[in-house]
Amino acid sequence: MHQSLSTIQFLLAVSFVITICRGDQCKDLLMGQYYCDDPVIDIETQAEVNCREDTHTTEVSCKPAEEIICVDFTGSNRTFNGSEVGFYKNVSCRWTNGYHFETSLLLSIFLGMFGVDRFYLGYPAVGLLKFSTLGFFFLGQLVDILLIAMQVVKPSDGSEYVIDYYGAGVTKVSMNTDTYIKPPDSW
Ligand SMILES: *[C@@H]1O[C@H](CO)[C@@H](O)[C@H](O)[C@H]1NC(C)=O
Ligand SMILES: *[C@@H]1O[C@H](CO)[C@@H](O)[C@H](O)[C@H]1NC(C)=O
Ligand SMILES: *[C@@H]1O[C@H](CO)[C@@H](O)[C@H](O)[C@H]1NC(C)=O
């Protein structure tokens, strides 16, 4: 009895300490207590700059709201004024590697019967097959046009198409506990 009580007390104490420590870190602030900057968009690739190839994420700076006290990324405990960076956060981004959507689609439409679109996107085996069968007698060419147009078939290196940032890109929309509604710029 005495043993189990002290175990419970110990666990309570540990979780109490963990709660205190976690609550002090700026990166553990709750939604609405901070605002993260939008990623910078590269004109050339029409995607976020510094998008990492391996994780498809980029770092953005986040600013705790006015009057919030927390431990920032340098380890100093201070009060924020609403425009100072408190921590950095990884957000997902589109990693591109120079494959243009328009180019792929045009190659598929006009040269797809020779498999040129597949060679361009990095699928030489399918490309060769299409080349030697005249695009599976044009049927495979038609299928590929549709697959590329719907962005089901993407470059083989795992990159996303270079496509206007506000263009007809396909984004799978999902929500989780990190989802927040971006306030309008006038706030
Ligand atoms: C940070 O400062 C606040 C008040 O200024 C204090 O309550 C809190 O315990 C401090 N946190 C750390 C980790 O020093
Ligand atoms: C917040 O503090 C920074 C310096 O730490 C200063 O440059 C900035 O003007 C301040 N912003 C406001 C809104 O007070
Ligand atoms: C973001 O991800 C990279 C690579 O996984 C990592 O090195 C970096 O520390 C992360 N940054 C933050 C703020 O979590």
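For Ile68, the residues whose modelled amide H falls within less than 5 Å of its own, excluding neighbours fewer than 5 places apart on the same chain, are Phe80.
For the stretch 43-187, with all protein chains present and a 1.4 Å probe, just round the carbon and sulfur fraction of the accessible area to a whole percent.
On the way: 5660 of 9220 Å².
Accessible surface attributable to carbon and sulfur in the stretch 43-187 totals 61 percent.
Across the stretch 74-89, computed HN-Hα scalar couplings (Karplus, 6.51 cos²θ - 1.76 cosθ + 1.60, θ = phi - 60°) run 8, x, 9, 8, 8, 8, 9, 10, x, 10, 9, 6, x, 6, 10, 9 Hz from first to last residue, x flagging Gly and Pro. Between amide H atoms placed 1.01 Å from N, distances below 5 Å from Val153 occur with Ile148, all of them 5 or more places distant or on a separate chain.
Note on Leu142 and Thr179: with the Förster distance fixed at 35 Å, the Cβ-Cβ geometry gives a FRET efficiency of about 0.40. Between the beta carbons of Glu66 and Ile41, assuming R0 = 45 Å, the FRET efficiency works out to 0.95 to the nearest 0.05.
Can you work out the FRET efficiency for the pair Thr55 and Leu134, with r the C-beta to C-beta distance and R0 = 30 Å, to the nearest 0.05? For Thr55 and Leu134, the calculated efficiency is 0.15.
Taking amide H atoms as placed 1.01 Å from N in the peptide plane, the amide H of Trp95 lies under 5 Å from those of Glu160, each 5 or more residues away in sequence or on another chain.
The values are calculated or read from the model by the stated rules, or taken from the named source; none is laboratory data. A quick note: this is a predicted structure, and the numbers were derived from the prediction, not measured. We place every Cβ from the backbone using ideal geometry, glycine too, and count neighbours over all the protein chains shown. Each accessible area value is taken on the protein alone, full model and side chains, heavy atoms only, with ligands, DNA and RNA left out. Shrake-Rupley method; radii C 1.70, N 1.55, O 1.52, S 1.80 Å.
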